[in-house]
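Read through the structure below, which is laid out as structure tokens, and then see the notes.
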Amino acid sequence: MRSIPLLAAATMSALAVATLNPLAQTAHSTTPEGRTVLTSGLVGPLSLDVHAGRVYVTQNFAGELDRVRGDGSLQRLYRGGHDEIGGVSARHGRVVFTQTASSGAESPTNSWVKVLRRPGKAHTLTRLWAYEKAHNPDGSTTYGARGISDDCAAQWPTELLGPPVYRGVVDSHPYATFQRKHRVYVADAAMNAVVSVSFSGRVRTVAVLRPVPVPITAGLASTMGVPDCAVGLTYYGEPVPTDVEMGPNGRLLVTTLGGGLGEQLPLGAMHRIDPATGHQRVLARGLSAPTDLAVTHSGRLFVAELFANRIVTMAPGSDTVRTFAKAHLPAAVEVWHGRVYATTDALPPEDGAPNGKVVRLRRY
């Protein structure tokens, strides 16, 4: 996975806007929907964590990790220069985050998992790019229109959809982290895998997420510019994991975007993974760009559906998804002491200053 295309494009436009517009945070305010805005004016807030009453947020497109103070102002904890900063998680005062370097909108060139030492200083836990180069966990997975003929492949719109058939490439874009006492779990959107990183820096692959099968119908072919000769085949898209958490039963919960098509079609899913064996089970399908999830002590799930403009919830043991709250472009969701927190307006408008927010929603 070269990147999350729409988000990558938004990164470039947001950085340009951020250069011209200084960030302007606001103190607590209550919206007509009854939610509390904790801070605003953020540039691409794609990652959020709430721990011990402290709210941490990343401004991915500005390359910044911040803590939200009680008055709505931000304490800058780390600045990544032109690199993307994301994947924040906090546990007992330890703050972990990810850093991704890029040469362009869709070309990551390096990636790390880091531990904050003090404001402005961080320790590199591991360089995930090196692990990807050495192991490429999805390197044996075939994506694309499997079984396509050579003549049909020659008509494939590679500029729009990439190669008609390909194996997992060497690429890393760590998107989310979850901490345990002795390790960090990382959802890497480009690696298409969840990995475990010990605090000594040792990395192992927990699971490679399965490709997403999409039947190529006549309607899909017409919409996406796919040649008629491919109708009837199945396109296997990259899963693109976007978050990892742990449920009360010790199993990992992972959201997947569903590849580039998942930004246009409801191909997102929720998975449960055994961290010891890597065994996977799909809990829910048909989600619209799920970019983050949260789980309560009882096992209730919340998922931010970025392009559906809503946060959904699933009761413990249920596969039924229902709307918990409507929100504009929600990218991250967390729970703390019976309240739901989220980031909204996470992608900047094409013609205006970024106005990402951290909000506190109603009790669950």
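The values are calculated or read from the model by the stated rules, or taken from the named source; none is laboratory data. All of these numbers come straight from a predicted model, not from anything done at the bench. So basically every Cβ, Gly included, is an ideal-geometry build from the backbone, and we count neighbours across all protein chains shown.
Taking the stretch 61-89 only, how many residues are among the polar types (S, T, N, Q) and over 17 Å from Lys114 (Cβ atoms)?
2
Restricting to the stretch 168-195, name every residue that is touching an Asp or Glu at 6+ places or on another chain (Cβ under 8 Å) and of a type outside the set (A, V, I, L, M, F, W, C).
Across the stretch 168-195, the qualifying residues are Gly168, Asp171, Ser172, His173, Pro174, Tyr175, Asp188, Asn192.
What strands (runs of 3 or more DSSP E) completely inside the stretch 62-133 contain at least 3 residues that are closer than 27 Å to Thr205 by Cα?
Output list reads 84-91, 94-102, 108-118, 121-126.
Conditions tested, residue by residue: (1) of a type in the set (Asp, Glu); (2) over 22 Å from the mean Cα position of the chain (by Cα); (3) modelled with pLDDT of 95 or more.
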residue	(1), (2), (3)
Gly86	no, no, yes
Thr100	no, no, yes
Ser103	no, no, no
Trp112	no, no, yes
Pro164	no, yes, yes
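Going through the stretch 319-346 one residue at a time, which ones are part of a loop (DSSP other than H, G, I, E, B), over 19 Å from the mean Cα position of the chain (by Cα) and not aliphatic (A, V, I, L, M)?
The answer is Asp319, Thr320, His337, Gly338.
Which one is farthest from Val88 (Cα to Cα), of the residues in the stretch 134-152 that are among the acidic types (Asp, Glu) and part of a helix (DSSP H, G or I)?
Asp151
Keeping to the stretch 347-359, report how many residues are in a loop (DSSP other than H, G, I, E, B) and out of contact with any helix residue (DSSP H, G or I) (no Cβ under 7 Å at 6 or more places or on another chain).
Here the count works out to 4.
Within the stretch 163-195, track down each residue that is surrounded by fewer than 19 Cβ atoms within 10 Å (Cβ to Cβ), in contact with a Lys or Arg (Cβ under 9 Å, 6 or more places away or on another chain) and either part of a loop (DSSP other than H, G, I, E, B) or touching a residue at least 40 places away in the same chain (Cβ under 8 Å) (or both).
Val169, Val170, Arg180, Lys181, listed by residue number.
Can you name every residue in the stretch 324-364 that is charged (D, E, K, R) and surrounded by 24 or more Cβ atoms within 10 Å (Cβ to Cβ)?
Glu334, Lys357
Tell me whether the stretch 148-155 contains one or more residues that are in contact (Cβ under 8 Å) with a residue 40 or more places away in the chain, out of contact with any Gly (no Cβ under 6 Å at 6 or more places or on another chain) and buried (at least 19 other Cβ atoms within 10 Å of the Cβ).
Taking every residue of the stretch 148-155 in turn, at least one turns out to be in contact (Cβ under 8 Å) with a residue 40 or more places away in the chain, out of contact with any Gly (no Cβ under 6 Å at 6 or more places or on another chain) and buried (at least 19 other Cβ atoms within 10 Å of the Cβ).
Within the stretch 265-300, which residues are touching a residue at least 60 places away in the same chain (Cβ under 8 Å), of a type in the set (S, T, N, Q) and farther than 29 Å from Thr217 by Cβ?
Hit for the stretch 265-300 is Thr296, nothing else.
Take the stretch 86-135 and flag every residue that is farther than 22 Å from Leu42 by Cα, of a type in the set (Gly, Ala, Ser) and loosely packed, with under 15 Cβ neighbours inside 10 Å.
Listed by number, the residues that qualify are Gly93, Ser103, Ser107, Ala130, Ala134.
What's the number of the only condition in (1) modelled with pLDDT under 95; (2) closer than 30 Å to His182 by Cβ that Ser29 fails to meet?
(2)
Pairs only if they're at least six apart or on different chains, beta carbon under 7 angstrom, first in the stretch 118-146 and at positive phi, second buried (at least 16 other Cβ atoms within 10 Å of the Cβ); list them, first residue then second.
Taking only residues 6 or more apart or on different chains, the pairs are Gly120/Tyr78; Asn136/Gly168; Gly144/Pro164; Gly144/Val165; Gly144/Tyr235; Gly144/Tyr236.
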